[in-house]
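Next up is a structure, given as structure tokens.
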6 protein chains.
Amino acid sequence: MEKGVVKLGGFAFPLRPDPAVLKGLASIFKRLLGEGFKLAVVAGGGELAREFIRAAREAGASEAVCDELGIMASRLNASLLSVFLRPDEVPEIPSDFTSLSRAMSSRRITVLGGLQPGQSTDTVAVLAAELMGSKLVVKATDIDGIYTADPKRDPRAEKIPKLTYEEAMRLLSGLPTRAGSYELLDLQAVRLAMRSGIRIRVVDGRDPEDIYRALKGVDIGSLVGP
Amino acid sequence: MEKGVVKLGGFAFPLRPDPAVLKGLASIFKRLLGEGFKLAVVAGGGELAREFIRAAREAGASEAVCDELGIMASRLNASLLSVFLRPDEVPEIPSDFTSLSRAMSSRRITVLGGLQPGQSTDTVAVLAAELMGSKLVVKATDIDGIYTADPKRDPRAEKIPKLTYEEAMRLLSGLPTRAGSYELLDLQAVRLAMRSGIRIRVVDGRDPEDIYRALKGVDIGSLVGP
Amino acid sequence: MEKGVVKLGGFAFPLRPDPAVLKGLASIFKRLLGEGFKLAVVAGGGELAREFIRAAREAGASEAVCDELGIMASRLNASLLSVFLRPDEVPEIPSDFTSLSRAMSSRRITVLGGLQPGQSTDTVAVLAAELMGSKLVVKATDIDGIYTADPKRDPRAEKIPKLTYEEAMRLLSGLPTRAGSYELLDLQAVRLAMRSGIRIRVVDGRDPEDIYRALKGVDIGSLVGP
Amino acid sequence: MEKGVVKLGGFAFPLRPDPAVLKGLASIFKRLLGEGFKLAVVAGGGELAREFIRAAREAGASEAVCDELGIMASRLNASLLSVFLRPDEVPEIPSDFTSLSRAMSSRRITVLGGLQPGQSTDTVAVLAAELMGSKLVVKATDIDGIYTADPKRDPRAEKIPKLTYEEAMRLLSGLPTRAGSYELLDLQAVRLAMRSGIRIRVVDGRDPEDIYRALKGVDIGSLVGP
Amino acid sequence: MEKGVVKLGGFAFPLRPDPAVLKGLASIFKRLLGEGFKLAVVAGGGELAREFIRAAREAGASEAVCDELGIMASRLNASLLSVFLRPDEVPEIPSDFTSLSRAMSSRRITVLGGLQPGQSTDTVAVLAAELMGSKLVVKATDIDGIYTADPKRDPRAEKIPKLTYEEAMRLLSGLPTRAGSYELLDLQAVRLAMRSGIRIRVVDGRDPEDIYRALKGVDIGSLVGP
Amino acid sequence: MEKGVVKLGGFAFPLRPDPAVLKGLASIFKRLLGEGFKLAVVAGGGELAREFIRAAREAGASEAVCDELGIMASRLNASLLSVFLRPDEVPEIPSDFTSLSRAMSSRRITVLGGLQPGQSTDTVAVLAAELMGSKLVVKATDIDGIYTADPKRDPRAEKIPKLTYEEAMRLLSGLPTRAGSYELLDLQAVRLAMRSGIRIRVVDGRDPEDIYRALKGVDIGSLVGP
């Protein structure tokens, strides 16, 4: 059975949910199920998480509690996506690794959000891949790959089509770990991907077909791997 | 010990949370705790609930599943408010009546959202009052009482300072029960209030002092009672 | 797939359980399963609930706590009925809406009792129908329909074969909401049925064949609908 | 702190609960709390358990499932007793040993029913005593002690005021272990009492004062001990 | 469907787990599944349990708490065995009778450890057999049957190929019930086996083929039965 | 209130638990409680984890499942330590961040093990510190600090008394992330410590007094900080 994990970034979860976007994503996932795929889809916290974390910081909450609010937001996002896949069920989003394993052993597609403070949804995606025995995580975001600099700010930024784990870690090791700020790709996710030889492909998810292609093995976006 | 239940409407939970509003509310609740009050605070789903329900409807979800998404949104709102009261704890929002009872028996203030599809957060507030032995629910909303018509649309609408349960039920019995639409006051909430002789006072929560006054017994807004 | 929800009133759950009655009901449900039906069966609290609520009132318990005891009793009733359907399993009765959804998505027949104080088992039946996508709730009781008055007391009472939601609500709006007293048909159940266009058929369950007929669409008893 | 465990037999839980009996028992327990006692009270399944087990047997349920129904009945009994002690809380009856420990570490009095098939409520009482560090279990039943034969049938039956563990085990080893039939005193309970040196005193609970006296160390009824 | 329960004694769970032993056992269980068997496998606590109980006693823990630690150790053993059966899942070991029933109704093979203080893993195996409707428990240990005396100490000890329940109970009634010391066969397990007519066959599990043979009905080791 | 988190490495949890070591540690913790401290103590998986992970690898388990077994082992270790602190309670080890928060808000000392695959117990210790509002994690291991090389193998290794977060990350970034192998100090733990300004002091826990001293602010071992 073909298997894969998809991490959906903020583009999929604007503050006012966009049914068209969610329908597009759900349709890709159903097509993959129809082709025999087994999938795990990890929803990021998106703008909702950032808004709640921002408010929590004003309340004096610690980074761990801010992380927790971000995780709650990502689970609400995951719940909504889940409704687009199974509108006749109350969404039940795995909240720990054991319930994730249970869900994945009885379902062909599992939708989840974050699991634990101190652990990004990128990391959750890699753990899901480990558990599932998948060697591929597709990180769908609003940029079509990993760049030498932020392409939205620096016109000279160039896309890097292939990075080794070591190169990726070097690129990421200077990035922050504040709650809600894991943007590009989380360092710990790369470290775990490396221990299990899991490749992470970063694609632009605003065109769901690119997620489909990446899962089918097409070489688009940027790839982090051995 | 003085006791009371507060239901917070959408004004407290805009889509982008407003820390100043939440601080103002938290400060009123802390003052009441300082004066020896025991409190339960029920967060409504607000705009977040409406947005998620709107999207879920497009996915073809049933009213019960839409209710459930609205409840999840109300719990996220409750979590954020809870952080303003106890920033050093992971918010744990009671998700059923038993966990509500457990929380209320060990805490002076309990924050919660919705509990169950088919049951508005107004109803949850009345049930919390029954459990707690309180005879007062303060419904804080963005209007300063119950009017003969919608005061935002009809300039001749007049505030009704006092309604019997029967009058309130007659006024409300034509209103809809669609998920996310319990606006004025939920009929089932009034029916349960009647069985236990609980008064419901509707006030404008945008001035938190009015919530304080209502809990202290001041005759403002509109009162539904025996 | 044909679908339906059955609410079983007190006739099915006398204080000393009657195995013959439960066998008769189980046999109807198994026949329907054999014909491809998907079912949810909601057990009322019956006499057991009334006895425990009566005692709890003497202890000074609030209506909400009395409701809770009635719900516990309904779950014990549901457990026993469940044993007649699956004698080789420990009965697990869904205690909230999420576990109900989980049970219904993995089982062809789900047996449950009450869920939440302030919410009758009639209401639970309508919510189960919403979730399941069924447009029919069969309320099996010890009278063969809805009457203009209590037929056990008033010889001039006449059966009403068809009521609109509005007519039903008018009939029911004067009835009490005390714990354990939802007898004829719960008003809130009708309100929720209306929001989703679910018909409620009231039949005499003492002849289980009437439950079967009602689920198969035969026009017996009384119907509340659009 | 003085400590003790009370096992309440069927006399306390007739099919139609008797508020006067429960008030009498609750009043004894409150008096003991007032004197500084720490208590665990184990409710037997009583007639409710026997009725449900009888019906379940007709459904073809195994002994283990019958045990489970008896346990559910005992928990309903425990819930009702709990309401007489704390009418303003939803009763939460520990359903396993871990939740029992949690309850006992935060409460001065814990009410519970059975825990596990294959384990009588007598055994549960001894385990609760072990956990609590109490050396005394008072088994309150409708006979004032252990007799050489069934005193209700055999006029020559004589009460045995003191039995060693070995004598008790010899007396009990011929008795059945069918679900719902642990009547006199469960053999396994005596075996566990022996491993921890816990004494079991059998008294007539129909006079609650005898339970009080037994907990205060008065030599009434029959004692099983070292 | 053929059914059976296996209790694995300490030989399977040395302090340093032996993958070869676990592979051998897993291979037998998979073969039986391939032949259409339904199985429950109960892991004992082994040396790990004894070591943790020994330490807990030095901490002044009660027998019930020592039992609990032994149960935790047995669950860790069960988790490891479970990984040999399903390496791609997080092991979930049923911790009470209800979760055991749920696991057994959805899985062809269920692995568990102890459930409850005061109840040996032998007893758990008999309860699992009752629930499953199996009439056979195979107790796999490091001796090939029940002997007149400890064959490791007494050269004149003779194997008893067949014992009635009564004979077994007489043999066992003198044995201790201290946490971690149920070695030969637990008396309560025999009592429960008797109530349901379940036979217990004791075999040497160090040769996994003997477990296979015993489940297939071969007359080896010692049999306790009617 | 003074606060601190202690991470206990493998020295505290040999395969055969050493009651003297656990008593020594418990005694330090009780002394600190007596002085008004609030504590969280995180048990590592130690040799037990390594043994179970080694066996699970032979079964073909993924790194994530191996992590999970290591976490289970760490919780068993935590349970035993907990018995030395509260011998009259069934140890309940928080298994996720929410239950950790609940435990820490009601207890002066909380004992836990690992929480989640992909997250070392070092990381758990830092998260606990964030949640608790403590600025200090004491990592007690079997070496008295962080060295330039492994002092057990390289005689020229020198202790580094003070490292900035950046220095520590540079030192650690080459180390592996395989399940059970986080030895020196986990990189992710340092990253999270940095985001909240938490200092990590590495001391030799074999002398429990050094743990005490480190918590009291004495400058021993090695310190990672701003």
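Could you pull out every residue, at least 5 positions away or on a different chain, whose amide H is within less than 5 Å of the one on residue E:111? Hs are placed 1.01 Å off N in the peptide plane, and Pro or chain starts have none.
Residues meeting the criterion, in which the H sits 1.01 Å from N, are E:41.
I would also like to ask the following. Using alpha-carbon positions, what is the distance between the centroids of region D:6-76 and region D:85-130, in Å?
Taking the Cα centre of each part, region D:6-76 and region D:85-130 sit 12 Å apart.
Among the complete DSSP H segments of chain A, which ones combine at least 20 Å of alpha-carbon extent along their axis with a mean Kyte-Doolittle hydropathy of 0.0 or more?
Working: long enough: A:19-34 (22 Å, 0.93); A:63-85 (33 Å, 1.01).
The answer, listed by residue number, is A:19-34, A:63-85.
Now for a different question. Counting alpha carbon pairs within less than 8 Å and at least 6 residues apart, what relative contact order, in whole percent, applies to chain F?
Details: 449 pairs, mean separation 55.8, N = 226.
Answer for chain F is 25 percent.
Can you give the average number of partner chain beta-carbon atoms within 10 Å of each beta-carbon in peptide C:45-55, as a whole number?
Average per residue, whole number: 4.
Within 10 Å of each Cβ in peptide E:97-107, how many partner chain Cβ atoms are there on average? Round it to a whole number, please.
Details: counts 13, 9, 2, 3, 10, 3, 0, 3, 6, 2, 1.
Whole-number average of other-chain Cβ neighbours for E:97-107 is 5.
Take the alpha carbon gyration tensor of region C:83-226, find the square roots of its eigenvalues, order them as a ≥ b ≥ c, and report rounded if a/c is under 1.5; if not, report prolate when a/b exceeds b/c, else oblate. The partial results should precede the final answer.
On the way: a/c = 1.71, a/b = 1.51, b/c = 1.13.
Taking the square roots of the gyration eigenvalues as a ≥ b ≥ c, region C:83-226 is prolate.
Ok, one more. Of the options C:46, C:125, C:60, report the single residue whose Cα projects farthest towards the positive end of the charge dipole of region C:3-132 (beta-carbon charges: Lys, Arg +1; Asp, Glu -1).
Checking the options against the dipole of region C:3-132, the answer is C:125.
I would also like to ask the following. Put +1 on the Cβ of each Lys and Arg and -1 on the Cβ of each Asp and Glu in chain B; which of B:33, B:70, B:1 then has its Cα farthest toward the positive end of the dipole?
With unit charges placed on the Cβ atoms, the residue in question is B:1.
Go ahead and set up a Gaussian network model of chain C, Cα springs under 10 Å, then flag whichever of C:133, C:70, C:45 fluctuates most.
Largest GNM mean-square fluctuation: C:133.
Nothing charged except the Cβ atoms of Lys and Arg (+1) and of Asp and Glu (-1): what's the magnitude of the dipole of the protein assembly as shown about its Cα centre? Round to the nearest 20 debye.
Numbers: 186 positive and 174 negative charges, 0 e Å.
Dipole about the Cα centre, nearest 20: 0 debye.
Arranged from highest to lowest average of other beta-carbon atoms within 10 Å per residue, in what order do the peptides A:33-39, A:98-104, D:101-107 appear?
On the way: A:33-39: 15.1, A:98-104: 20.1, D:101-107: 17.4.
Top to bottom by mean Cβ count within 10 Å: A:98-104, D:101-107, A:33-39.
While we're looking at this one, here's another question. Picking from F:140, F:49, F:149, which is most flexible by a Gaussian network model of chain F using Cα springs under 10 Å?
Evaluated over chain F, the most mobile residue of the options is F:149.
Averaged across B:125-133, how many Cβ atoms of other chains sit within 10 Å of each residue's Cβ atom? Please report the intermediate quantities before stating the final value.
Values: counts 0, 3, 9, 1, 2, 11, 11, 3, 4.
Average neighbour count from other chains, rounded to a whole number: 5.
Suppose you put the label 7 Å out from Cα in the Cβ direction; list, shortest first and in nm with one decimal, how far residue A:60 is from each other copy's label.
Nearest to farthest, the other copies are at 3.8, 3.8, 5.1, 5.5, 6.5 nm.
Take residue E:23 and residue C:20, extend 7 Å from each Cα along the Cα→Cβ direction, and tell me the distance between the two endpoints in nm.
6.3 nm
Distances from residue F:14 to the same position in the other copies: list them in nm, one decimal, shortest first, using label points 7 Å from Cα along Cα→Cβ.
Distances between equivalent label points, in nm: 1.9, 6.4, 6.4, 6.4, 6.9.
With chain F rotated onto chain D, spot the residue of F whose Cβ lies nearest the axis and note the distance in whole Å.
Taking the axis that maps F onto D, the answer comes out as F:106, 5.
Based on the Kirkwood radius over alpha-carbon pairs, what is the Stokes-Einstein translational diffusion coefficient of the protein assembly as shown at 37 °C with 0.692 mPa s viscosity, in µm²/s? Don't jump to the answer; show the numbers that get you there.
On the way: Rh = 33.0 Å.
Rounded to a whole number, D works out at 100 µm²/s.
A further question on this structure: Among the DSSP beta bridges whose two residues both lie in the protein assembly as shown, what percent are antiparallel, rounded to the nearest 5?
Numbers: 27 of 165 bridges.
For the protein assembly as shown, the DSSP antiparallel bridge percentage is about 15.
Hey, can you grab everything whose amide H is under 5 Å from the amide H of residue C:38? Only 5+ residues off in sequence or another chain; H modelled, so Pro and N-termini drop out.
C:2, C:3, C:4
Based solely on its DSSP helices, what 222 nm [θ] is calculated for chain A when runs of n ≥ 4 H residues each add -39,500 (n - 2.57) and the sum is averaged over all residues, nearest 500 deg cm²/dmol? Let's see the in-between values first.
Working: 8 runs with 100 residues, N = 226.
Counting only the DSSP helices, I get -14000 deg cm²/dmol.
Another one. Treating the point 7 Å from Cα along Cα-beta-carbon as the label, what are the nm separations from residue C:105 to the other copies, to one decimal?
Shortest to longest, the spacings are 1.8, 1.8, 2.9, 3.3, 3.5 nm.
Treating the beta-carbon of each Lys and Arg as +1 and of each Asp and Glu as -1, no other charges, what is the dipole magnitude of chain C about its Cα centre, to the nearest 20 debye?
Numbers: 31 positive and 29 negative charges, 99 e Å.
I would put it at about 480 debye.
All of the numbers you see were taken from the coordinates with simple rules; none came from a lab. All figures in this text were calculated on a predicted structure; none of them were measured in a lab. All Cβ positions, glycine included, derive from the backbone under ideal geometry; neighbour counts span all protein chains shown.
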